[in-house]
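Encoded as structure tokens, the structure appears first; notes follow it.
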Amino acid sequence: MRDLAALPKAHLHVHLESTIRPGTLRELGEANGVAVPAEPPQFDGFRAFADYNALIRACLQHPEDFERIAREYCEDELAQGTRYAEVTFTAASHGERLGDLEMPLESVLKGLSGLETRLLLDHSRRRPVDRAERTLDLALKYDEVFAIGMAGEENHSLRPFATVFDRARAAGLHLLHHTGEDAGPDSIREALEVGRTERLGHGIRVLDDPSLVAEVRERGLALEVCPSSNVTLGLVPSLPEHPLPRLVGAGLTVTLNTDVPSVTGANLAEEYARVRDAFGYDDTAMADFARASVTASFAPESTKQRMLRDIDAWLTPAAGG
Ligand SMILES: [Zn+2]
């Protein structure tokens, strides 16, 4: 079996605020007067997870805090063979909280270095439409931002945000929403029709409706599957019971992602390793996941071609081997 940290990978679904090293979070908590538990708590659903995210946000106050987590994020990704990442950041929420809309995003952009990255600004479905407008305004100001997307509890409809999506599309931004994570096919249809999503963020519940599976397959829409996150957040009972093999078997384009690595304890290379161990995939299958991550990305064509070549090289037997 080949080293999965050496396999070139694109990371398409990861929240910057959930990548913070445990030691860094403790230090930021101490500096900013927030009591950080030694370990992330056990989550019994989205609410408990949202509470933990509030604690993480409270640890992020100053420009150097944001710059540091972005810099360390890049270092950690490079160490596990990530060559390109589309990173999600809830910029407007931090900006409103701290009374300076641009500072958190500008600080993150300063910290991102060494790894080819593009930023997606997300917005919670629970939050007001006018904040979504501010997220979009922010996204349009910075070339490094390529997309906006909706996250959070899917029982909140995307319909109130339709005008935001129209404006984003008209301005050339991509739309990438969380959907089909905890809610079923109706939510995915809404993300396609109202949200105009260009991939399914999670999307695992697509399997509830064979006609939707066929539509997603025919349209070539990739799924950003995050197996460890689904288990940690209680959406899937255990990794061996994860629907990943059924998604692959249905002919869908499946990418592997971490979503919230500091909470699951799995970085991207570890996520690949857990999947290989749980389902017995061989190196060819793991290379296929990596290829899918590249082709489903919005990376420049030159980056895609170089990464696909390097994935082939990873699979090629060494001379004399
Ligand atoms: Zn997510």
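The values are calculated or read from the model by the stated rules, or taken from the named source; none is laboratory data. The shown structure was predicted, so the numbers you read here are calculated from the model rather than taken from an experiment. When we count neighbours, we look across all protein chains shown, and the Cβ atoms used for this are built from the backbone with ideal geometry, even at glycine. When the accessible area is computed, the model is the full protein with side chains, heavy atoms only, and any ligands, DNA or RNA have been set aside. Shrake-Rupley method; radii C 1.70, N 1.55, O 1.52, S 1.80 Å.
Structure summary
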{"read-out": "Check on residue 274, more than 13 Å from the ligand (Cβ to nearest atom) and either free of Cβ contacts under 8 Å to residues at least 24 places away in the same chain or touching a Gly at 6+ places or on another chain (Cβ under 7 Å) (or both)", "value": "no"}
{"read-out": "Which numbered condition residue 232 fails, given (1) surrounded by fewer than 18 Cβ atoms within 10 Å (Cβ to Cβ); (2) more than 30 Å from residue 193 (Cβ to Cβ); (3) of a type in the set (Ser, Thr, Tyr)", "value": "(1)"}
{"read-out": "Search result, residues across the stretch 110-168 that are farther than 24 Å from residue 230 by Cα and of a type in the set (S, T, N, Q)", "value": "113, 117, 135, 163"}
{"read-out": "Residue in the stretch 115-133 that is more than 19 Å from the chain's Cα centre (by Cα), within 23 Å of residue 29 (Cβ to Cβ) and open to solvent by 50 Å² or more (accessible area, probe 1.4 Å) present", "value": "no"}
{"read-out": "Hits in the stretch 240-261 (condition: hydrophobic (A, V, I, L, M, F, W, C) and open to solvent by 30 Å² or more (accessible area, probe 1.4 Å))", "value": "248"}
{"read-out": "Criterion: touching a helix residue (DSSP H, G or I) at 6+ places or on another chain (Cβ under 8 Å), touching a residue at least 60 places away in the same chain (Cβ under 8 Å) and among the aromatic types (Phe, Trp, Tyr) - qualifying residue of 84, 73", "value": "84"}
{"read-out": "Count - residues of the stretch 196-212 that are of a type outside the set (S, T, N, Q), open to solvent by less than 10 Å² (accessible area, probe 1.4 Å) and in contact with a helix residue (DSSP H, G or I) (Cβ under 6 Å, 6 or more places away or on another chain)", "value": "2"}
{"read-out": "Exclusive hit being surrounded by 17 or more Cβ atoms within 10 Å (Cβ to Cβ) and assigned to a helix (DSSP H, G or I), set 54, 85, 92, 50", "value": "92"}
{"read-out": "Residue in the stretch 302-314 that is assigned to a loop (DSSP other than H, G, I, E, B) and either open to solvent by less than 50 Å² (accessible area, probe 1.4 Å) or on the phi > 0 side of the Ramachandran plot (or both) present", "value": "no"}
{"read-out": "Within the stretch 155-266, strands (runs of 3 or more DSSP E) holding 2 or more residues that are touching a residue at least 12 places away in the same chain (Cβ under 8 Å) and either more than 16 Å from the ligand (Cβ to nearest atom) or over 30 Å from residue 24 (Cα atoms) (or both)", "value": "222-225, 253-256"}
{"read-out": "Filter result (under 19 Å from the mean Cα position of the chain (by Cα), open to solvent by 60 Å² or more (accessible area, probe 1.4 Å) and either at pLDDT 95 or above or closer than 22 Å to residue 298 by Cα (or both)) within the stretch 57-82", "value": "71, 75, 78, 79"}
